[in-house]
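FYI, it's all coordinate maths here, none of it is from the lab. The model shown is predicted, which means the values in this text are computed figures rather than measured ones. When we count neighbours, we look across all protein chains shown, and the Cβ atoms used for this are built from the backbone with ideal geometry, even at glycine.
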Amino acid sequence: VDGITIGNKYINLTFDERGLLFKVSSNGITREIVQDFLYYEAAVGNNAEFENRSSGAYIFRPNNTVNFISTKIKIEVFRGPLVEEVHQIFNNWVSQVIRVYKDESFAEFEWLVGPIPVDDEIGKEVITKFKSNIKSDGIFFTDSNGREMIKRKLNHRDTWNVDLKEKVAGNYYPLTTKIALQDEEARLAILVDRAQGGSSLEDGSLEIMVHRRLLHDDAFGVDEALNEKAYGKGLIARGHHYLLFGPTRSKSSPTTQAKERFIQLQKFLPSWVFLSDASKYSFYEWK
Amino acid sequence: EPHLTFLRETMGIMQHHDAVTGTEKEQVAYDYAKRVDVGIRACRSNARAVLNRIVTGKIIEEYFSHSAKTNYNFEFANCLLRNISVCEVSENNDNFTVTLYNPIAHSVFEYIRIPVPSKNYVVLDYRGIQVPSQIVPIPSPIKELDFRSSNSSYELVFLASELPPMGYKSYYISTLAHNDLVPEVMMVMDTPVN
C-alpha cells in the first residue's frame, strides 16, 4: 500500500506501507504529517491525598508513557467523483475513515473508538496524534470558546514560574473548536466537532483526546469511575476531526487561518437535515 | 410555545457544570440525553408520544408549511442518529425527500451523507435536475460489536450547492428501481424567492 494518495486539487494525503497517513500537500507546500492513535494508561491512586488521586471524571491524570494502539493498519481505498476515502482498521476497537471531498480544501477524519477494553484492569485514555515536521518550538494555539485563539507554550505559564510534575496533564488545554501550530512556512490546524482536550507535547505534534474508560473514582465528588456500565461493555464514540494545512502567510489568496474561520463556521453551524417519506408522491406531485 | 419552552428548560439544565463537563453520574448522563431528545422531538413533527400534555410538536413543520405556502404535509423524521449512519426514513422508503435549512447568513455548499440500504439512487433537485451522487460503504470493522441497529450498508453522498442564507432547499431521492418516477424531461421552474 506504500504511496497511496487520495485528494483533490486543493489537498492530497499520502499513506505509507503501514497504512498510516504520513504526508500532506496543500497550497503548494508538502510536509510529513503522521497520524496515529495511541493511549495513556490512567494513573491509579489511593485518593487519600491530593497528590495521589486517580485519573477520573474531573481530572485527566495519565501515566506519562504513551502506548501505540496498533503497528499494522488494514486499509481500504474508495474513490469516486465526489469523495475519496481511506478506511483504516487499527484493531477491533479503533477504526477510522479519512476522506477528502472533491471541492473542499480540508481532510476529514471520522474516528470510531470503543468499547475500550479493560480486561487487564487498566484504565485507558485514547488520543489521536498528528506528528509533523513543522518547527513549532513548543508553541501552539487553542481556541477560547471558538473565538480568540490563545497562545500556549509547553511547560510554561505566563504569570508565574511553573515546575510541572505531570508533563502530560499539565500541558493539556481545553479545545472547543480548534488547535493549531505553525512555523515560518507551514501551519497545521485541527478542528474538533465537540469539546475535547488537546496539547502539543513535542515540536510539530498535536494530540487530541477522543475517548476514556477509567476504573477508579478521582474522589472529587462524582463517586463513581468514568466507566459506562449500562451496556456491559463500555461506550463506542464516533466523531470528526478536520485537518487544514497550508502556508502560514499568503499574499495571493486567503491565509490558512482565514480558511479555518470559514470552515469552522460551516462545520459548527451545519445545515439542518430533515427527511420525509415521499412514497406517496411522484416527483411531479412533490414538486 | 410549550414545545419551545420544554427545550429551553432542558437547555437551562444543560448549563449545569456537571452537564457541560461530563462529570455527572452515569444515570444522570442518560437522563440528560433523554431530556434533550424529548426537547428536540417536541420541537419537531410527529412528537405525539413525547409527553401526554404536549399534543404534537409542530414548530418546524408549521414554519415550512407556512413558508412554502402549500398544503404538503411535511412529516419530518427524527433522524438524530444520522451521525452514526442510522435513519429510519432513508432506510425504509424507496422515495424520500431531503430538506436542508442553512442557518448561516451567507449561502453555502455542503456535502450531505444519507444512510441507505442499497447502491442505486437518483437525486433530483427541486427543478428535477439530477444531482451527481456517489455511494460509499459504511465501514463495519467488527460485525459482532456492530452497535448500529440499521439496515443501511452505504451512505449516499451528494453536494447540496448554494443553499440560500437562512433558507432551505429540497431534494427528491428515489431508488433506480423506481426510476419511472424520474421525469424524462427536466423542466426548469422559476427560481424561488429566497
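Compare the Cα positions of A:Ile75, A:Phe106, A:Tyr173 along the charge dipole of segment A:52-178 (+1 at Cβ of Lys, Arg; -1 at Cβ of Asp, Glu; about the Cα centre) and return the one farthest towards the positive end. After comparing all options, I get A:Tyr173. Comparing A:Ser200, A:Ser144, A:Ser55 in a Gaussian network model of chain A where C-alpha atoms under 10 Å apart are linked, the largest mean-square fluctuation is found at A:Ser144.
The label point for B:Lys119 and the one for A:Glu17, both projected 7 Å from the Cα toward the Cβ, are 3.3 nm apart. With N counted as the residues of chain A, its alpha-carbon radius of gyration over 2.2 N^0.38 Å works out to 1.09.
With the simple spin-label model, which puts each label point 7 Å out from Cα in the Cβ direction, the A:Arg79 to A:Asn92 separation comes to 3.4 nm.
A simple packing score, the average count of other Cβ atoms within 10 Å per residue, orders the peptides A:204-213, B:97-106, A:247-256, B:166-175 as A:204-213, B:166-175, B:97-106, A:247-256, with the highest score first.
Using the Cβ-Cβ distance between A:Asp120 and A:Leu38 with R0 set to 22 Å, the FRET efficiency from 1/(1 + (r/R0)^6) comes to roughly 0.85.
Seen against the Cα atoms of chain A and their longest principal axis, helix A:256-268 is set at about 90 degrees. Residues within the reach of a label modelled at A:Phe262 (point 7 angstrom out along Cα to beta-carbon, backbone nitrogen below 20 Å), restricted to segment A:14-44, are A:25-29.
All alpha carbon pair distances within segment A:1-124 were sorted into 10 Å bins beginning at 0; the resulting P(r) in whole percents reads 12, 35, 25, 18, 9, 2. Please quote Rg/Rh for segment A:95-253 to two decimal places, taking the Kirkwood radius as Rh and restricting both calculations to Cα atoms. Computed over Cα atoms, the ratio is 1.01.
Working note: 222 nm ellipticity from helices only, DSSP H runs with n ≥ 4, each -39,500 (n - 2.57), summed and divided by the residues of chain A, gives -1500 deg cm²/dmol to the nearest 500.
Springs between Cα atoms under 10 Å define the GNM used for chain A, and in it the highest mean-square fluctuation of A:Val83, A:Val273, A:Val66 occurs at A:Val273.
Averaged over the residues of B:129-135, the number of partner chain Cβ atoms lying within 10 Å of the residue Cβ comes to 3.
Placing +1 on the Cβ of every Lys and Arg and -1 on the Cβ of every Asp and Glu, with nothing else charged, gives the protein assembly as shown a dipole about its Cα centre of roughly 760 debye. Available extension along the chain between A:Thr248 and A:Ala195 is 16.5 nm, counting 0.36 nm per residue and deducting the alpha carbon span.
Roughly how far apart, in whole Å, are the Cα centres of segment A:84-154 and segment A:217-287? Taking the Cα centre of each part, segment A:84-154 and segment A:217-287 sit 13 Å apart. Distance between the 7 Å Cα→Cβ label points at A:Ser282 and B:Asn92: 2.7 nm. Note on B:98-111: average number of Cβ atoms from other chains within 10 Å of each residue's Cβ is 5. Between B:Thr21 and A:Phe68, the C-beta separation translates, for a Förster distance of 22 Å, into a calculated FRET efficiency of about 0.15. One chain, two ends: A:Leu269 and A:His240. Fully extended at 0.36 nm per residue, the span grows by 9.0 nm beyond their Cα-Cα distance. Pairwise Cα separations in the protein assembly as shown fall into 10 Å bins from 0 onward with the following percentages, short to long: 4, 17, 28, 27, 18, 6, 1, 0.
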